[in-house]
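So the structure is just underneath, and the comments pick up after that.
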Amino acid sequence: MEQHRKDVQFQIECLTQELIQMLMEDYGYSIPQAMEVLYQSKTFAKLENEAAGLYYQGAVYIYDLLQEELKHTI
C-alpha cells in the first residue's frame, strides 16, 4: 500500500510539472505565477484527491479542465 501511495504522489508531481509548464507557455506566467494559479485551482484540489482518480488522466486532459476553470475566474 505504501508503494501505491508513492506511485500516486509521483504521478501527481509529474503532472504538476507539466501543467505549470503549459501555463507558462500559454499565459506567459513566471514559474511562481503559474504555481500559484495551479495550486489555488479547484482542478489541482481534484488532482490531489486520490479518490477522484484524476491523476490517471493525461496532462492535456487535466489542462483542459484547468483552462475551463480559469475562463470563469479570470
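The values are calculated or read from the model by the stated rules, or taken from the named source; none is laboratory data. Since the model is a prediction, treat every value here as computed from it, not as a measurement. Ideal geometry is used to build each Cβ from the backbone, glycine not excepted, and the neighbour counts take in all protein chains shown.
One table, with the values for the structure above:
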{"read-out": "Residue in region 25-35 that is within 25 Å of residue 4 (Cα to Cα) and either of a type outside the set (Asp, Glu) or out of contact with any helix residue (DSSP H, G or I) (no Cβ under 7 Å at 6 or more places or on another chain) (or both) present", "value": "no"}
{"read-out": "Those residues of region 30-63 which are over 13 Å from residue 15 (Cα atoms) and of a type in the set (D, E, K, R), in sequence order", "value": "36, 42, 50"}
{"read-out": "Selection status of residue 40, surrounded by 14 or more Cβ atoms within 10 Å (Cβ to Cβ) and either polar (S, T, N, Q) or touching a strand residue (DSSP E or B) at 6+ places or on another chain (Cβ under 9 Å) (or both)", "value": "no"}
{"read-out": "Residues that are more than 15 Å from residue 63 (Cβ to Cβ) and either surrounded by 13 or more Cβ atoms within 10 Å (Cβ to Cβ) or aromatic (Phe, Trp, Tyr) (or both), drawn from region 12-34", "value": "33"}
{"read-out": "Selected residue [at pLDDT below 95 and either aromatic (Phe, Trp, Tyr) or in contact with a strand residue (DSSP E or B) (Cβ under 6 Å, 6 or more places away or on another chain) (or both)] from 29, 61, 55", "value": "55"}
{"read-out": "Residue list for region 1-43, filter: among the basic types (Lys, Arg) and within 14 Å of residue 65 (Cα to Cα)", "value": "42"}
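For every residue, the table says whether it meets (1) aliphatic (A, V, I, L, M); (2) in contact (Cβ under 8 Å) with a residue 40 or more places away in the chain.
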| position | (1), (2) |
| --- | --- |
| 30 | no, no |
| 42 | no, no |
| 46 | no, no |
| 50 | no, yes |
| 55 | no, yes |
| 62 | yes, yes |
| 65 | yes, no |
| 70 | yes, no |
